[in-house]
1. Using the reciprocal of the averaged 1/r over all distinct C-alpha pairs, how large is the Kirkwood radius of segment 97-140 in Å?
2. Using θ = phi - 60° and the Karplus relation 6.51 cos²θ - 1.76 cosθ + 1.60, list the HN-Hα couplings for segment 223-238 in order, rounded to whole Hz, with x at every Gly or Pro.
3. How big is the dipole moment of segment 33-173 about its Cα centre under a simple scheme where the beta carbon of each Lys and Arg is +1, that of each Asp and Glu is -1, and everything else is neutral? Debye, nearest 20, please.
4. If you average the alpha carbon positions of segment 115-152 and of segment 64-83, how far apart do those two centres end up, in angstrom?
5. Need one word for segment 68-160: rounded, prolate or oblate. Basis is the Cα gyration tensor (sqrt eigenvalues a ≥ b ≥ c); a/c below 1.5 gives rounded, then a/b vs b/c decides.
6. Past 32 Å, Cα to Cα: identify those pairs from 108/230; 9/285; 242/322; 66/106; 99/274, in the order given.
7. Which one of 73, 193, 215 has its Cα pushed farthest toward the positive end of the charge dipole of the chain, where Lys and Arg give +1 and Asp and Glu give -1 at the Cβ?
8. Quick one: Kirkwood hydrodynamic radius for segment 6-135, alpha-carbon pairs, angstrom, one decimal?
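Bear in mind these aren't lab numbers, they're just calculated from the coordinates by the rules spelled out. Please read all numbers here as calculations on a predicted model, not as lab measurements. Here the Cβ is made from the backbone with ideal geometry for all residues, glycine too, and neighbour counts use every protein chain on show.
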Amino acid sequence: MAKMNYYEKRDILNRQRMAKYTEKLPDYCMDFFIGIENNTSTLTRYNYAMDLYIFYDYLSRFQFHKTIEEITLEDLDLLKSRNLEQYLSYLSYYEIDGKQYKNDEKGKARKLASLRSFFKYLFNHDMINSNVASKIETPKLHTKEIIRLEKDEVKRMMQTIENPTEFSPRQREYLKNNFERDNAIVTLFLGTGIRISELVGLNVESFDFSQNAFLVTRKGGNQTTLYFSKEVAMALKTWLEKRATLGLPEEENAMFISLQNKRISVRAVENLVKKYAQVASPLKKISPHKLRSTYGTNLYKETKDIYIVADVLGHKDVNTTKKHYAAISEDMRKNIAEIVKINS
């Protein structure tokens, strides 16, 4: 039997996590998940399952006063627009399975999108008589400022990785032991703008140093070749030299390794980025995604081409890129203010 790769293992885990929710939902909900399987990722379906469970829990307790399993398609047909609007209001602060949660407009918008997809499927397959979810307006999303590192903050972060003097003696010893790996990870983020899930899924054979290129698996499973600079190549090669001394089993092909000598996790990468960033920029909450934003910002400033930025970052819709990097245009408008002379 062929060994499963990282993405296959991740899909199996997502299916298992999804099943914990779908088994609590009415049987007809499985028709929906089967119906969208060919056009969605396992992560999307897992998120849909969570969202539908929250919705059905609400209906069970506040709308129909029956168990989740007893809620029928006929019950869904009884719902009016105001019932879903009440549900969105409920999502601001709610309790489920003994735990309390809250949602801002972005969280509410995602949960409404899940309901729209669900009700659309049921309506298109003649399982309900009307699609009430299509009548609900998406919560207004407020544009947030792009959080990114400035040049001096990037410099401090890289210096902190190389010389972690801000940490305790015990922490310094630990960090110095992981310098080559951590330096390569942060350099790759800042030099290519890849997503954290893409970085964690990289294998040693994903890289071709003769071309300074690597193969990355994007969201949805598509693979793309990206290129990196000599600076990134140097950091990666230094890490590979260190990696070769770890005594890893031959079958372990993950590019980045944890202290347990296995593929590093998303959480571990998040923690190491946060740790160094807190020293370099204590007032900003820097995550791997913010390093991606830093790269995207710098690339847009250098190229002035939003389509190149969208392509390199792996955005399917250029409007997504425009939405995130439009604020940079303000800086450009300021810079050109003095270009046109009236009395020259």
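1. 11.7 Å
2. In residue order, the calculated couplings are 10, 9, 8, 10, 10, 9, 7, 5, 4, 5, 4, 5, 5, 5, 5, 4 Hz.
3. 420 debye
4. Between the Cα centres of segment 115-152 and segment 64-83 lies a distance of 21 Å.
5. prolate
6. 108/230; 242/322
7. Checking the options against the dipole of the chain, the answer is 193.
8. Kirkwood radius, segment 6-135: 15.2 Å.
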